[in-house]
Amino acid sequence: MSGIEKVISAFEGDFNCAQSIFSSYSEEFGLDKGKALRIATGFGGGMGRMQNTCGAVSGAFMVISLKYGVDESGDKEARDKTYEVVREFSKRFQEIHGSIICKELLGCDITTAEGREYYDQNEFFEKKCLQYVKDSAKILEDMIYKD
């Protein structure tokens, strides 16, 4: 199963957007899948369903950090590379969807009962969120496997 297929399977299962992205690539970069699922839990729904940065984007940022991130003090080169790749990912995602902010992407407020009902009635899980997850995985794979 490809990375993108793993992401989709996880998301269509019982995991949120951030968990689906992060856990599907975590083991490849040295982090146990169970730990990745726990770490990413709070990032779903735009960080704890606060609708800030899209969870699929946050999950991708965490994968980028696993690959390029700093693991010893003073590693400015690794930090700068990580920031550069995160900014490029964000740019690519925004070129497709116009934003990386969950509330802007969904066009409704899922922090309210009315907003969650609107989300469910309009099938945004299938019609919007699944696409954000797929696109995040595609962009991520293009970026992390190019070098």
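Read-outs throughout are calculated quantities, based only on the coordinates presented, and are distinct from any laboratory measurement. Model, not experiment: these values are computed from the prediction.
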Considering lysine pairs in the chain that are 8 or more places apart or on different chains, how many have Cα atoms under 13 Å apart? 7
Measure nothing fancy, just the Cα-based angle from helix 76-97's long axis to the longest principal axis of the chain, in degrees from 0 to 90, nearest 10. 30
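Of all alpha-carbon pairs in the chain, indicate the percentage at a distance above 27 angstrom.
Values: 1945 of 10731 pairs.
The proportion of pairs with Cα distances above 27 Å equals 18 percent.
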Angle check, please: helix 17-26 long axis (alpha carbons) against the longest principal axis of the chain (alpha carbons), in degrees 0 to 90, nearest 10. 30
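Can you give the Rg/Rh ratio of the range 64-147, where Rg is from the C-alpha atoms and Rh is the Kirkwood radius? Mind showing how you got there, number by number?
Values: Rg = 16.3 Å, Rh = 14.7 Å.
Ratio of gyration radius to Kirkwood radius for the range 64-147: 1.11.
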